[in-house]
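Structure record follows, encoded as structure tokens.
The values are calculated or read from the model by the stated rules, or taken from the named source; none is laboratory data. Computed from a prediction, not measured in an experiment: that's the story for all the values here. FYI the Cβ positions are ideal-geometry reconstructions off the backbone, even for glycines, and counts take in every protein chain you see. Keep in mind that these areas ignore ligands, DNA and RNA; they rest on the heavy atoms of the full protein, side chains included. Shrake-Rupley method; radii C 1.70, N 1.55, O 1.52, S 1.80 Å.
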Amino acid sequence: HLEAFYCACNRPVNTFEYGYDCTNRLLDDHPDLDAILAAVDVQGLGAIRAVTERGLKIPDQIKVISLTGHEVGAMLQTAMTSMEMPARLMGQKAARMVVEEIEAPDTGKQAPQHLCFTMQLEEREST
């Protein structure tokens, strides 16, 4: 049975401290938690710090994964698993869309676009 828990705290979101504080709160409320999914690598770094300070073993007792896939995750003592997103390609496409909208004749609002990008799981030591 899979159950999801969420956490938010009064820190800037894309920070080490946010990941650290949220992980501590989650582990306080759910001591049997067996995995943490961080939105960005820096939150995952905070999560890893909180987990290891409690003496929990990654990945034996708890797994940690992030969704952005920065190369720093691979350099950790326990390399962090991540979903590698094509950030450069996503940025290029977004920039092209903005330019196209600016250069388009003023005939009204352009139709929304639904874009899909391929992500890749980089499985490392944290899972």
I'd like the full set of residues that are of a type outside the set (Asp, Glu) and either in contact with a helix residue (DSSP H, G or I) (Cβ under 8 Å, 6 or more places away or on another chain) or part of a helix (DSSP H, G or I) (or both), limited to segment 25-39.
Arg25, Leu26, Leu27, Leu33, Ile36, Ala38
Of the residues in segment 30-53 that are open to solvent by 100 Å² or more (accessible area, probe 1.4 Å) and more than 16 Å from the chain's Cα centre (by Cα), the one that is nearest to Leu121 (Cα to Cα) is Asp34
Residue tally, condition in contact with a Lys or Arg (Cβ under 9 Å, 6 or more places away or on another chain) and open to solvent by less than 50 Å² (accessible area, probe 1.4 Å), over segment 87-126
1
Being more than 30 Å from Gln43 (Cβ to Cβ) and either polar (S, T, N, Q) or in contact (Cβ under 8 Å) with a residue 24 or more places away in the chain (or both) narrows it down to one of Gln120, Gln110, so name that one.
Gln110
Determine which single condition Met97 fails, assuming it passes every other condition in (1) over 18 Å from the mean Cα position of the chain (by Cα); (2) closer than 23 Å to Leu56 by Cα.
(2)
